[in-house]
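The values are calculated or read from the model by the stated rules, or taken from the named source; none is laboratory data. Here the structure is a predicted model, which is why all the values come from computation and not from measurement. Virtual Cβ from ideal backbone geometry, glycine too; neighbours counted across all protein chains shown. Surface areas here come from the heavy atoms of the whole protein model, side chains and all, with no ligands, DNA or RNA. Shrake-Rupley method; radii C 1.70, N 1.55, O 1.52, S 1.80 Å.
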Amino acid sequence: MKIVSVGFVDEEQDPDVRFVRGAGRYVDDIKLEGMQHLYVVRSPYARARVLSVSGGITGNELKATMESVGEDAGGRSTVSFPVLSASYVSYVGQPVAAVLGGDKYEAADKADEVDVQYEPLKPVMDPERSLESEPIHPGTESNLVAAAELGRDFDLKAPVEVEETLRMERIAPNPMETKGMVASYDGSVLTVYASTQSPFSWREGLAGSLGLKEESVRVVQMDTGGGFGSKGGIYPEYVVAAYAAMKTKRPVKWTESRYENLLATNMGRGVRGRMKVYADRKGKLKGLKADLLVDVGAYPLGGGAWTAKWIASQLVGPYAVPKAYAAAKAVLTNKVNMGPYRGAGRPEAAFFMERMMDRIADETGIDAAEVRLRNATTRETTSPLGMEAPPSKRFFTEALRAFRYSSRKKKDKVGLSFFMLIPAAYGGESAKLAVEGGRVKVWMGGSSHGQRHDVFAKKLVSEELGVPQDVIDFQHTDTGAISGGVGSWGSRTAILGGGALVEASRNLKAAAKKNLGKKYSPALLLEGDYEAEAFFKPKDMLNTLGANLATARLTKEGNAVVEEVLSFYDAGKVLNRFMLESQVTGGVAQGIGEVMYEHAVYSEDGQLLTASIADAGVIHATEMPKSVVMTAAHRSTLPHGAKGVGESPTIGVPPAATRALEVLLGRRFTTLPIEPEKLWAHDLPGRERTR
Amino acid sequence: MIPPRFEYAAPKSIGEAVGLLKSRGGEAKVLAGGQSMIPLLKLRLAAPALLVDINRIEGLDYIRESMGFLRVGALTRVATLGRSALLERRYGALHDASLTIADPLVRNLGTVGGNISHGDPSNDLPAVLLAAEGELAATGPSGERTFRAEGFFVGTFTTALAQDEILTEVRIPVPPHRSGGVYLKVEQKVADFATAGVAVQVSLGRGSECAKVGIGLTGVGPTALKAKKAEEAMLGKKATDRKAVEEAGELAADASSPASDIRGTEDYKRGLIRLLVARGLERATQRARRGA
Ligand SMILES: Cc1cc2nc3c(=O)[nH]c(=O)nc-3n(C[C@H](O)[C@H](O)[C@H](O)COP(=O)(O)OP(=O)(O)OC[C@H]3O[C@@H](n4cnc5c(N)ncnc54)[C@H](O)[C@@H]3O)c2cc1C
C-alpha cells in the first residue's frame, strides 16, 4: 500500500520524464511553412435565428454536417448538426463562421470582418421542461431524442420502499491541453495532426463530413494533454480547419483558448434519476424502478442518442435484484452537446444505485456495508435490465477487510461505495510492431492522452520478445502507420491495446522464427526487418469490480470536506503499479471535484456562467484528500491478465464521498455537486436544525 | 493570451505616466501587476488603446511607518506584505489578508495599488482599509490628492480615482497600544476569491472593552463595505460578551447585500458574515491583548 502524491514523477521508473521537462510535443508546438491560424466566430445566443451571415467561411459556403464517430457514435437521430450554421443556432458558442490570419492575434482580430444578424429566441434550458417546450430544431416534432424501457414493469408491496430523485449535474471535462489540430493538404492527401483520443475516429469523421475517401485522410496523434472523453469524437472546428487547409492549399492551425474550450466542448453528466427501491426488513432488495432523464444539449452527437439506455442498463450494478424496470429518456436543451466524460454513464448509474443502498441502510438501521453484502452475488449474473456482472460478494468482503472497515467506522465519518466497471471492450483494438535498424517501433490503435501507455506497452513487448525495453520506441497512433484501430476511452487501452500488443508480439516472433528457424534469439530478431499487426477482440466478459471508502471532517469555519479516500479496485494483473496509482489519484481528484466543486452553470438565457477553469471548479492539490490506492489482483482471462481501471475512481468516489459528507453533517444529499451552503455545518434561515 | 491590439508605454516617472494617461483620455489604462488587467484583456472585456506600464517607476515599492502612518507604496507586491515582520506584529488584518489573496504566483506580481484601484468587491485589501480607517494618496495632472478609504470605493470596478490619476500610497494610522486586527476569509477552494471575507480592527480600553472598532466586508456587496452599525454596537463592549459579538455579526450581515452566485446563496454568505464578524472580534481582541 502506497500513498501517491499528485504530480510526482518517479524518475527511477521513468527516466524520460519529458512532459515535466517541457519536452512534450503538442499540436500547438507545430509550425509548418506558410501556416495560417483559424479563428472561429461563435454564437453569443443560446437560441436564435440566423438572419444573415457574411464574411469569412460561413455555412453558406461549407454546407457540411457532423458525423457521429468514435466514443460518441451509436444510436440514431434525425437532427443534423451543421458544421457552420447559416439558419439557426442552438447553444452559446456554436460555430457560425471562421476566419484565417497569419498568427493567432490577426485571426482573432479578423473576427470583426464577420457580420451575423441574429433574431434571438427563448432558449430551452431546463431538461425537465424540454418535452413540453417548443422543439428547438425547426421541422422536428419534439425535443425527445431517445426513449428506452428496460426490464419489465411490476407491482410490488415491500416492507421497505424508498424513493428519491437524484442528480448529477453537468460538468466540463477540462483537460489541461485544450482542443486543437493542424491540417495540411498536398492536393491528394489531407494530413491532420491532432490532439485526440482516436485518430481513426477523426479520419472517419473528417472524411464523412467533407465527402473524402478515408484513404485520402491521414490523422497523426501528437502528445495529447488530457481528454477525459472530450477528444474521442470530432467537433465542427476540426472540419472547418481541414476544409480551410484544402481550400487555401496552405496548412491551417486551430487551437482554442480555455474560454472557448469551456463554451464549446461536449460536457459530461447532466442526468436525473428518479429511483425507487423495494426491500425487506433485512435490507434484501426485492425490486428496483428507475426513471432517467438525460440532458443531451443541442445536438445528440456526443452519445446523446444512446446514453440514457446505457445508464439504465447498468443500474443494478454488482447486486442481485429479482425485479427491475427502467424507463429512460434523452431530451434536447439549448446547451453545448452532452458527451462522454471519464466514466460516461457508469458514474451516473453507480451514484443512483449507491445512494439508494445508503437509503435502505438508513431505513432498516442496518450497517451500510452489511446491506451491500447482503445483496452481493456469489455467481455470475445477468440483471433484469440485461447487464452481466461477475460474482461480487467475495470481492466486497476483501475490500472491507482492506479498508479495515469496522474499525474505521467506529472512529470516522465513513462513506462506502461498491460498483461495477464495464470497460468499453466492444470493437477490440489493434497493435503493430516493426523491427528495423535494431529497434522495435510500437503502435496501438488508440494511444495515450495522458495515461502514459508507453510504460505498459514497452513492458509487454519486452516480456514477449525478450528484447530490452530501451530498444522499444513507443509511437502515438497514426492512421498512416497502422491499418486500423479504435481509440482510447472507456478503461479499454490497457486491456485491449495490451492484448493486441501481446498478440502482435507473438505474430512478430512467429514471423522471425519462420525466417530464423531454431537459431531464433532476441538479438537475431533485432538484426532483421520484421513487421506484425494484430487486432485483438476479447471473447469473455471483462466487467470488473471496485470499492471506495471516504471519510469527511469539518474545517474550522464549519465547512465539510473529504479527508481521505481509499480505493480498492480489481485491476487484474497490475501492469505498472506507479502508473495505476497515478491514474487512480487523478480520478480521485475528479471524483472529489464532482462531489463538491465542479459544475457547468448556465443562466436562464443560456449563457455559461462558469467560463473559466477556476469557476468551472477544477480542484487544486490543496483540495485533494489523502488518497490510498489498493488493488485486488484477480487476473483476467486475457493473455496479460489485465482488467480496466481508468474510470473506476470517477465511478466509485462520488457516492462514497457524498455518503461521508452526509454522515458527517446529518443531511441528505441527492444532487452533485453539493452546493457550498449545504456543506456548511452552521444553521441558516429556513434550514432545519442539525444535530 | 490573445488580446486586441494595444500600444504600450513604460514611463520611468509618475509625471510622465500621468501625462500619458491625460493625453489619451479614457483610452489609456495603467498596468501594474497585470493580475486583473491581463485577464480582462485576454477575454477582450477591456480594449484600451494604450497600456501605461508603471512597473519601471522607482520609489513606489516600500513598507514603512512614519508620521503616524503605516505607508505602503502602490507598487509593493502582495507577496511582500506577507513577508513583512512589521505587518505581522502590528497590522494583523493586512498581513492576514495578503496571505489569503489568490496563490503565490498571483501574489508575486499583483500589487497593493492594483488590488485597491481595481475596485473589485471581491478583492481582499479594500475591506482591510475600511476597517483600519485607511487613507490613499494619488497623483494626477494637478498634483497629489488624498482620500479616505471610506467613500473611495464608489461602485463595482469604480473608485474615486480619476482616469488620469495614479494611486501612489496606501496609509493606515499607526494603531494605539492594545490594538489588534484580523482578516478572516472563507473561500471555496484555496486561491479562490472570497465567498465572504471580514476585516476587524479593534483598540481596547482599560477594562479590555472595545474603545475603537473597525469592520470591513469583502464579496458581499457592490463594493467592499464598512459595517458601521456593527462597529458602533461593539463600542464599550467586550469580545467575551457573546451576546454583543453575535449582535454585531447580525448587524454586519444586515449591512451586507450579497448576490447568490456559484460561490453560494445570499443566505449562506450572510451566515458567513455573521460567523466571521463574531469570530473576528474575538480574535482581534486576543491579538490586541497580546499587543499585536
Ligand atoms: C487567479 C487569480 C486569483 C485572484 N484571487 C484574488 C483574491 O483572492 N483576492 C484578491 O484580493 N485578489 C485576487 N486576485 C486579483 C489580484 O490580487 C490582482 O493582482 C489585483 O486585483 C490587481 O493588482 P495588479 O497589480 O495585478 O493590477 P493590474 O491588473 O495591473 O490592474 C488592475 C486595475 O487597476 C488599475 N491600476 C493598477 N495600479 C494602479 C495604480 N497604482 N493607480 C491607478 N490605477 C491602477 C489598472 O489600470 C487596472 O484597471 C486574483 C487574481 C487572479 C489572476
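Tabulated results
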| quantity | calculated |
| --- | --- |
| Test for B:G236: is it in a loop (DSSP other than H, G, I, E, B), at pLDDT below 95 and not assigned by TED's automatic domain parsing to the domain that holds B:A127 | no |
| Long-range neighbours under 6 Å by Cβ, at least six apart or interchain, first residue among the β-branched types (V, I, T) within the stretch A:203-231, second part of a loop (DSSP other than H, G, I, E, B) | A:V219/A:T479; A:T224/A:S195; A:T224/A:H449 |
| Elements of type strands (runs of 3 or more DSSP E) contained in the stretch B:137-184, each with 1 or more residues being more than 13 Å from B:G119 (Cβ to Cβ) | B:143-148, B:166-173 |
| Wholly within the stretch A:519-587, strands (runs of 3 or more DSSP E) carrying at least 2 residues that are closer than 30 Å to A:P673 by Cα | A:544-554, A:560-569 |
| Residue in the stretch A:537-546 that is under 30 Å from B:V186 (Cα atoms), open to solvent by less than 40 Å² (accessible area, probe 1.4 Å) and in the same structural domain as A:R379 (by TED's automatic domain parsing) present | no |
| Single unsatisfied condition, A:S209 versus (1) over 25 Å from A:K63 (Cα atoms); (2) among the hydroxyl-bearing types (S, T, Y); (3) open to solvent by less than 20 Å² (accessible area, probe 1.4 Å) | (1) |
| Failed condition for A:P654, given (1) buried (at least 23 other Cβ atoms within 10 Å of the Cβ); (2) touching a Lys or Arg at 6+ places or on another chain (Cβ under 7 Å) | (2) |
| Residue match in the stretch B:234-256 (condition: at the interface with chain A (Cβ under 10 Å from one of its Cβ atoms) and among the β-branched types (V, I, T)) | no |
| The stretch A:235-277: number of residues that are closer than 17 Å to A:S195 by Cα, among the small types (G, A, S) and part of a loop (DSSP other than H, G, I, E, B) | 1 |
| Which numbered condition A:Y341 misses (of (1) open to solvent by less than 30 Å² (accessible area, probe 1.4 Å); (2) assigned to a helix (DSSP H, G or I); (3) of a type in the set (S, T, Y)) | (2) |
| Odd one out for B:K237, checked against (1) within 15 Å of the ligand (Cβ to nearest atom); (2) under 18 Å from B:A131 (Cα atoms) | (1) |
| Residue in the stretch B:206-217 that is within 16 Å of the ligand (Cβ to nearest atom) and either within 14 Å of another protein chain (Cβ to nearest Cβ) or open to solvent by less than 10 Å² (accessible area, probe 1.4 Å) (or both) present | yes |
| The stretch B:180-204 - residue that is farther than 28 Å from B:L60 by Cα and away from chain A (no Cβ under 13 Å) and, of those, surrounded by the fewest Cβ atoms within 10 Å (Cβ to Cβ) | B:S203 |
| Criterion violated by A:P676 - all others in (1) at positive phi; (2) within 13 Å of chain B (Cβ to nearest Cβ) satisfied | (1) |
| Tally of residues being closer than 17 Å to B:G119 by Cβ and open to solvent by less than 70 Å² (accessible area, probe 1.4 Å) across the stretch B:1-27 | 1 |
| Positions within the stretch A:602-617 being within 10 Å of chain B (Cβ to nearest Cβ), touching a residue at least 40 places away in the same chain (Cβ under 8 Å) and among the aliphatic types (A, V, I, L, M), in sequence order | A:A611, A:A616 |
| Residues within the stretch B:31-81 that are at positive phi and within 8 Å of the ligand (Cβ to nearest atom), tallied | 1 |
| Residue check for B:V128: in contact (Cβ under 8 Å) with a residue 12 or more places away in the chain, under 30 Å from A:T555 (Cα atoms), away from the ligand (no atom under 11 Å from the Cβ) and surrounded by 24 or more Cβ atoms within 10 Å (Cβ to Cβ) | no |
| Among residues of the stretch A:589-609, those that are part of a loop (DSSP other than H, G, I, E, B), open to solvent by less than 40 Å² (accessible area, probe 1.4 Å) and not acidic (D, E), counted | 5 |
| Top-ranked residue of the stretch B:258-275 - restricted to ones that are among the hydrophobic types (A, V, I, L, M, F, W, C) and within 8 Å of chain A (Cβ to nearest Cβ), ranked as farthest from A:A611 (Cα to Cα) | B:L275 |
| Exclusive hit being surrounded by 15 or more Cβ atoms within 10 Å (Cβ to Cβ) and part of a strand (DSSP E or B), set A:A86, A:A97 | A:A97 |
| Any hit, the stretch A:666-677, residues being within 16 Å of the ligand (Cβ to nearest atom) and polar (S, T, N, Q) | no |
| Cross-chain or 6+ apart pairs with Cβ under 8 Å, the stretch B:99-117 first and within 14 Å of chain A (Cβ to nearest Cβ) and more than 6 Å from the ligand (Cβ to nearest atom), then open to solvent by less than 40 Å² (accessible area, probe 1.4 Å) and not in a helix (DSSP H, G or I) | B:T100/B:D124; B:T100/B:Y183; B:T100/B:K185; B:T100/B:A194; B:T100/B:G197; B:D103/B:A191 |
| Test set (1) modelled with pLDDT of 95 or more; (2) surrounded by fewer than 22 Cβ atoms within 10 Å (Cβ to Cβ); (3) at positive phi - A:G517 fails condition number | (1) |
| Count of residues meeting criterion [open to solvent by less than 40 Å² (accessible area, probe 1.4 Å), in a helix (DSSP H, G or I) and within 14 Å of B:T218 (Cβ to Cβ)] in the stretch B:256-274 | 3 |
| Matching residues, the stretch B:218-255, being crowded, with 18+ Cβ neighbours inside 10 Å, under 14 Å from B:F153 (Cβ atoms) and not aliphatic (A, V, I, L, M) | B:T218, B:G219, B:T223, B:K226 |
